[in-house]
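Below you'll find the structure, written out as structure tokens, and then a few comments.
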Amino acid sequence: MAYIVKRMMEFLLFFLLLSFVSFVFIKLAPGDPVKQMLRVDEVAVTKEQIESLREELKLNEPLYVQYWYWLKRFFQFDLGHSYMTKKPVFDELLSRFPATVMLTCTSLMVMVFISAPLGTLSALYKNKWIDHASRLFALVGSSIPSFWLGLILMDLFAVKLNLLPSMGKGTWKHLILPSLTLGIAMSAAYVRLLRSSLLESFHKDYVKAARSRGISEKRIFFFHVFRHSLIPVITIFGMSLGSLISGTVVIEVLFSYPGIGKLIVDAIVRRDYPVIQGYVLFISLLIVMINIFIDICYRYLNPEIRLKGVERR
Amino acid sequence: MTLLSVRKLNIAFHNKPILKNVDFNIRQGEWFTLIGESGSGKSITASAIGGLLPGEMIITSGSICFEDKDITMLSNKEFRKLRGKEISFVFQDYQSSFTPFIKIGKQMDEMIQAHCQLTKEERREKALEALEEVQLPAERVYDSYPFQLSGGQLQRASIAMAMMLKPKLLIADEPTTALDSITTIHVLEIMANMKKKMNCSILFITHDIRQAKKYSNTIGVMKQGEIVEIGTKETIMYHPSHPYTKLLLNAAPTIRRLDQNIVLQ
Amino acid sequence: MKIAKYDYSMIRKWLPVLFLFAYVITVAIAPAFAPYDPLEINMSDRLSEPSEKHLLGTDHLGRDLFSRILAGGRVTVGTGFLVLTIILIVGVPLGMLSGFIGGRFDRYFMRIIDAFLAFPDFIIAIVLSGILGPGMVNLVLAIVVAKWGSYVRLVRSTVLAEKEKDYVLMAVISGLPAYKIIRKHLLPHVMGNVLVLATLDLGKIILMIASLSYIGLGAQPPTPEWGAMLNECKPYFYSSPHLMVIPGIFIMCTVLISNLAGDMLRDRLDIEK
């Protein structure tokens with residue numbers, strides 16, 4: 001428990017730093033936000049309008065005062081309004097988030113369904129054809145651009161065979177192609193990782209010891225080997241949950257899937273700074289929470305860390 | 001009565017012979033010691049008897065008969081039934097005798113389950129009994145993870161586990177090499193007691209001539225994959241015939257007085 | 001008589017890197033042999049299939065696809081190589097310094113790096129190019145910032161691991177000056193590790209450039225960049241599938257070569273992941 005509190009404090013400090021940096025960066029960014037805001041309406045802008053908006057946004061105050069106001073509003077979940085839609089950024093993010101979570105989960109499922117059996121089989125049948133096949137899969141899978149794989153799947157299943165919808169969100173059918181694309185792309189790395197992790201465990205002395213006690217091979221595999229092999233996999237998995245989230249960005253744009261990834265890219269193209277900033281903070285919050293969650297998983301799988309208080313790093 | 005007889009056993013690793021015509025018998029209730037320098041093939045012999053040879057090592061000829069059955073001919077499944085129940089092991093590296101992230105009790109339970117049809121309570125009872133036998137705080141050890149115990153405790157726990165199902169042969173592969181000298185004596189005494197109580201045989205592997213001298217009935221001396229001399233303790237200790245045995249005896253630190261003290265204790 | 005024999009094992013060891021380097025050079029030179037100007041628009045000959053006149057066909061503006069692929073290779077692969085070079089120039093000295101000096105500087109510096117590494121590189125790149133605005137220069141900057149941390153960490157941990165070893169201690173005791181210790185004893189170990197990571201990363205960086213360009217944050221039309229080309233021709237994929245297939249295959253093969261070279265190099269130098 002003390003450990004989690006410590007992590008939280010660390011995170012809070014980091015978060016303040018990050019929010020300040022992102023605040024300053026946005027301030028330094030090219031383009032006048034006021035003009036940006038007014039330009040969207042595409043009517044002639046008067047000097048007075050600009051001034052009054054400046055006043056309203058407290059843009060004439062010194063930087064640290066601006067930051068203070070911003071921070072105060074931030075803790076009331078007020079991240080400002082999008083230049084584009086005029087809606088509060090926080091609401092925008094929240095309304096888009098479930099779609100991304102959905103996509104992440106289904107992709108994760110695809111990933112596990114591909115990499116767990118393939119990795120296990122290629123470890124059990126080392127240097128047999130299945131191992132070579134998985135090596136090829138991993139090599140090609142990690143070299144193929146995910147958006148291109150998506151394009152090809154889209155061309156095949158949506159355009160040529162007309163089986164699945166290619167764009168948008170709605171039914172479960174809309175999820176199949178995006179999550180298949182992302183899941184295949186992600187599983188390439190895990191197949192090999194799981195394989196080498198399993199192989200390493202096979203050669204541990206305690207496996208020989210368990211064998212010497214007459215424990216069946218099946219039980220040794222699932223009870224003594226598999227669980228331990230999950231530790232490095234979980235670590236990398238935690239790290240790649242982040243890249244999974246970033247993977248959704250490209251996939252969401254590709255399939256016009258309305259998640260937060262599509263939101264941020266639209267915002268970047270249109271220079272919608274409040275949305276960009278909101279996204280940065282939102283994502284960093286998410287990633288830190290994932291990291292803490294992974295730490296807890298880690299502690300469950302490895303009692304030595306839990307009971308002795310040995311840290312991961 | 002002969003419990004185990006190894007006949008002209010040859011083992012090769014990538015076509016390179018590493019055991020050459022190894023030949024010995026172990027009688028029921030006998031403490032048989034294999035002694036020799038590291039890399040002389042003692043552990044390979046032990047692994048072969050348990051069917052635990054690494055995949056690259058192959059028995060090229062010879063037989064291993066346990067209770068008049070050639071166990072080199074057994075299927076994996078039949079061998080598995082034998083290991084732990086009839087032939088059990090204690091290894092040098094006590095830390096990897098147990099899987100590190102599973103509680104000791106759970107692992108003992110698992111072993112009983114693999115060999116006997118008992119209820120949950122009976123299994124627990126049996127495991128606790130075995131732990132008490134080696135003078136460990138049974139309840140606490142039962143609920144501990146391996147890393148929570150000291151080296152001596154772990155090695156005693158692994159002896160407890162090895163003897164739990166009353167095997168006919170205990171193979172102890174340098175069980176004390178990684179322990180300090182006081183713990184060593186303790187562990188060896190426990191092994192000797194257990195042997196007396198259960199009347200099992202022990203195949204004891206060591207490179208320490210003093211341990212061989214104190215407990216064994218018969219001693220085999222190994223060198224580069226061959227048994228160069230075999231005989232009763234007295235013959236080997238006081239009338240060695242092979243030059244290597246003489247070398248081994250001379251190389252051992254002969255601290256007579258200390259030796260006697262230990263015996264007196 | 002003794003004849004000094006040249007040590008070929010050194011070349012054999014680094015062969016994958018040489019091979020990759022040769023590939024990069026080839027890609028860089030290739031546009032000189034392009035049959036057409038990659039930007040030349042010819043509306044009378046648009047969306048044509050691969051033929052003798054146009055080896056890989058033309059795109060929706062009648063531009064020769066083969067020429068665009070060659071020019072795009074220079075942009076995509078060249079940018080990836082540039083990013084990698086900048087990262088090495090920045091990351092290696094900083095990592096060595098941090099490892100060699102140690103102490104408080106090292107501690108605080110590593111905290112910052114850790115904070116960077118907590119974020120997926122792709123997210124950092126997206127956000128940075130978002131703040132700086134779309135464009136190729138900003139993209140380079142964004143990827144450098146996203147990727148440099150892992151190099152600093154790798155170099156530092158290599159230096160720390162080697163520094164503890166006795167032979168470095170012996171060198172210190174025998175009075176070898178610091179720069180010589182770094183050059184003769186530490187640098188070879190560091191370079192081995194760094195080059196393996198760099199060869200493996202080149203593919204990832206190229207994927208990143210292509211992906212970011214595809215979603216419109218990198219190269220802007222009409223710049224021929226493989227990812228941007230795919231984005232530009234998206235509406236025409238159904239009628240002219242070659243516009244989709246060809247740039248993708250080129251990206252894949254380039255990344256594949258980089259990954260293979262990295263894997264081979266890692267096996268040869270026997271470095272753990």
Residues that are more than 14 Å from chain B (Cβ to nearest Cβ), more than 19 Å from the chain's Cα centre (by Cα) and surrounded by fewer than 18 Cβ atoms within 10 Å (Cβ to Cβ), drawn from segment A:178-229: A:196
Filter result (in a helix (DSSP H, G or I), under 15 Å from residue B:31 (Cα atoms) and out of contact with any Ser or Thr (no Cβ under 7 Å at 6 or more places or on another chain)) within segment B:169-189: B:189
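Take residue A:154 and decide whether it is touching a Ser or Thr at 6+ places or on another chain (Cβ under 7 Å), under 24 Å from residue C:233 (Cα atoms) and buried (at least 22 other Cβ atoms within 10 Å of the Cβ). Break it down into steps so the answer makes sense when it comes.
Numbers: touching a Ser or Thr at 6+ places or on another chain (Cβ under 7 Å): yes; under 24 Å from residue C:233 (Cα atoms): yes; buried (at least 22 other Cβ atoms within 10 Å of the Cβ): yes.
Judged against the criteria, residue A:154 is a match.
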Breaking point among (1) in a helix (DSSP H, G or I); (2) of a type in the set (Ser, Thr, Tyr); (3) within 12 Å of another protein chain (Cβ to nearest Cβ), for residue B:72: (3)
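Checking the conditions here, which among B:107, B:113 is surrounded by fewer than 18 Cβ atoms within 10 Å (Cβ to Cβ) and either without any contact (Cβ under 8 Å) to a residue 40 or more places away in the chain or within 12 Å of chain A (Cβ to nearest Cβ) (or both)? Write out each step before concluding.
On the way: B:107 fails: surrounded by fewer than 18 Cβ atoms within 10 Å (Cβ to Cβ).
After ruling out the rest, the residue left standing is B:113.
If only one of C:241, C:188, C:235, C:247 is free of Cβ contacts under 8 Å to residues at least 12 places away in the same chain and either closer than 27 Å to residue C:46 by Cβ or among the charged types (D, E, K, R) (or both), which one is it?
C:241
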Residue in segment C:221-229 that is of a type in the set (A, V, I, L, M, F, W, C), assigned to a loop (DSSP other than H, G, I, E, B) and in contact (Cβ under 8 Å) with a residue 60 or more places away in the chain present: no
Filtered residue count, segment A:125-140, keeping only those that are touching a Leu at 6+ places or on another chain (Cβ under 9 Å), modelled with pLDDT under 85 and not basic (Lys, Arg): 0
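Conditions tested, residue by residue: (1) touching a residue at least 24 places away in the same chain (Cβ under 8 Å); (2) over 30 Å from residue A:267 (Cα atoms); (3) within 14 Å of chain A (Cβ to nearest Cβ).
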| residue | (1), (2), (3) |
| --- | --- |
| C:123 | no, no, yes |
| C:128 | no, no, yes |
| C:153 | yes, yes, yes |
| C:156 | yes, yes, yes |
| C:167 | no, yes, no |
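For segment B:87-104, give me the residue count where each residue is assigned to a helix (DSSP H, G or I) and surrounded by fewer than 21 Cβ atoms within 10 Å (Cβ to Cβ).
So the first thing to find is which residues in segment B:87-104 are assigned to a helix (DSSP H, G or I), and the list is B:94-96, B:104.
This time we only want the ones that are surrounded by fewer than 21 Cβ atoms within 10 Å (Cβ to Cβ), so: B:95-96.
Adding up the residues that qualify gives 2.
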Residue in segment C:239-258 that is under 28 Å from residue C:142 (Cα atoms) and either outside any helix (DSSP H, G or I) or more than 14 Å from every other protein chain (Cβ to nearest Cβ) (or both) present: no
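Pick out, from segment C:109-211, the helices (runs of 4 or more DSSP H) lying fully within it that include 3 or more residues that are of a type in the set (A, V, I, L, M).
Details: elements: C:121-132, C:136-163, C:166-173, C:178-181.
Answer list for segment C:109-211: C:121-132, C:136-163, C:166-173.
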Members of segment A:253-273 found to be more than 9 Å from every other protein chain (Cβ to nearest Cβ) and at pLDDT 85 or above, listed by number: A:255, A:256, A:257, A:258, A:259, A:260, A:262, A:263, A:266
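The values are calculated or read from the model by the stated rules, or taken from the named source; none is laboratory data. Since the model is a prediction, treat every value here as computed from it, not as a measurement. Cβ coordinates were reconstructed from backbone atoms using ideal geometry, including for glycine residues, and neighbour counts include every protein chain displayed.
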